[in-house]
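To keep things clear, I will list the structure first and then write my remarks on it.
No value in this document is a laboratory result; all are computed from the given coordinates. Here the structure is a predicted model, which is why all the values come from computation and not from measurement. Cβ atoms come from the backbone with ideal geometry, glycine included; neighbour counts cover every protein chain shown.
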Amino acid sequence: MGILSGLEKMGFKSFDKVDLFEEEKKEAKEKKVKKKKEEKKEPTERELLYDKSMICPICQKEFKVKSVIASKARRDLPDIDMRPKYISIDPLKYDVIVCYNCGFAALSSYFKEDLITDNQLKMIKEGVVAKYNPQPNKKYDVYTYDDAIDNHKLALLNAVVKKARASEKAYICLKLGWLYRGKLETYSKEAENYESVAEECKSQELEYLEEAKKGFIFSLAHEGGKICGMEPVTVEYLCAALDYDLGNNEECLRLVSKLITNPAASSQLKDKCRELKEAISQDN
Ligand SMILES: [Zn+2]
């Protein structure tokens, strides 16, 4: 007997198999599928980029670069050496701005006219612009790791030519090291040349991280104040983490014990120091 049986006598057809909540169930199922679809749909790298207008502080040419829509990019857990990580995009690739007209390149926070002295302008014109082959057809588009690595190397050359502070050069080296790490993480393990690419990325990563560490240690001793926007204790932690990356465990532990007793270090930073200690004891 169905739940509506008995109504046949009033003229209704037989209701043997009525499911009272059929509609609701259908709706709920559709909603669930829709939600799952939305959750799964991460924006693509291209969707996370927008065009930003820039004026080159050296040649005054106006151009548009791809910039990351920070509010749309979803963060992932950073690496132990503070390398930031995001889902669907590696914003580090877009951190250097290049003027393909004159060859000037710098980290975005340094690509500003008021940060370049007259003397530096002269040095860049002589040391970069005069030698650079303009690349008018080069597109500001989604960058591969190799594009980003080339851009950062050009920025490093500019920094050397304009006699930038140690911290600026160290910061570019740090990012180059991280880019090689990112390249390897995203390189297809199925590729025929995977082994040789892996070897190259690993050795390049360590070479740049080593330079970054040297530069940051120098900056800590000689620059004073914030370094590349970071508090000195944060840079000390970064140096400890770079020592860990480089396999200098003893030096890492020495820096970490100094930081753990430093009243200027936040409890969050001290927790990260303990994570480093833990990582070393697990490796041994
Ligand atoms: Zn330019």
Answer with one residue from Asn249, Cys228, Ile217: the one whose Cα lies farthest towards the positive end of the charge dipole of the stretch 212-257, charges on Cβ with Lys, Arg +1 and Asp, Glu -1. Cys228
Under the rule that a partner needs its Cβ under 4.7 Å from the first Cβ, which Cys of the chain have none? Cys173, Cys201, Cys228, Cys239, Cys252, Cys273
Using a Förster distance of 41 Å, the FRET efficiency for Asn262-Lys153 (Cβ separation, nearest 0.05): 0.70
C-alpha long axis of helix 232-245 to longest principal axis of the chain, angle in °: 80 degrees
Total formal charge among the other residues, if their Cβ is under 14 angstrom from that of Lys122, Lys/Arg +1 and Asp/Glu -1: +1
If I fit a long axis through the Cα atoms of helix 194-222 and take the longest principal axis of the Cα atoms of the chain, what angle between them do I get, 0 to 90°, rounded to 10? 60 degrees
Dimensionless Rg over Rh [the chain; C-alpha; Kirkwood]: 1.22
Magnitude of the Cβ-charge dipole of the chain, K/R +1 and D/E -1, about the Cα centre, nearest 20 debye? 940 debye
First select every other residue whose beta carbon is under 11 angstrom from the beta carbon of Ala159; then total the charges, Lys and Arg +1, Asp and Glu -1. +4
If the label point is 7 Å along Cα→Cβ of Ser53, which residues in the stretch 76-116 have backbone nitrogen under 17 Å from it? 113
Cα centroid distance between the stretch 1-60 and the stretch 207-284, in Å? 49 Å
Could you work out how much longer the chain between Phe218 and Lys13 gets when fully extended? Use 0.36 nm per residue separation minus the Cα distance between them, nm to one decimal. 64.8 nm
Nitroxide proxy distance, nm - points 7 Å out along Cα→Cβ at Glu278 and Tyr194: 3.0 nm
Order by protection proxy (mean Cβ within 10 Å, highest first), peptides 21-29, 169-177, 204-212: 169-177, 204-212, 21-29
Could you name the lysines in cross-link range of Lys26, using Cα to Cα under 27 Å and dropping any fewer than eight places away on the same chain? Lys13, Lys17, Lys34, Lys35, Lys36, Lys37, Lys40, Lys41
Can you give the net charge of the other residues whose Cβ lies under 13 Å from the Cβ of Val142, counting K and R as +1 and D and E as -1? -3
Lys85 versus Phe63: modelled label distance in nm, points set 7 Å from Cα along the beta carbon direction: 3.2 nm
Which angle between 0 and 90 degrees, to the nearest 10, do you get for helix 166-186 versus the longest principal axis of the chain when only C-alpha atoms count? 40 degrees
For the chain, set up a GNM with springs between Cα atoms under 10 Å and report which of Ala70, Ala221, Ala164 has the largest fluctuation. Ala221
With +1 on each Lys and Arg Cβ and -1 on each Asp and Glu Cβ, and nothing else charged, work out how big the dipole of the stretch 120-164 is about its Cα centre, in Debye to the nearest 20. 340 debye
With a 10 Å cut-off between alpha carbons and a GNM built on the chain, which of Ser14, Ser108, Ser196 moves the most? Ser14
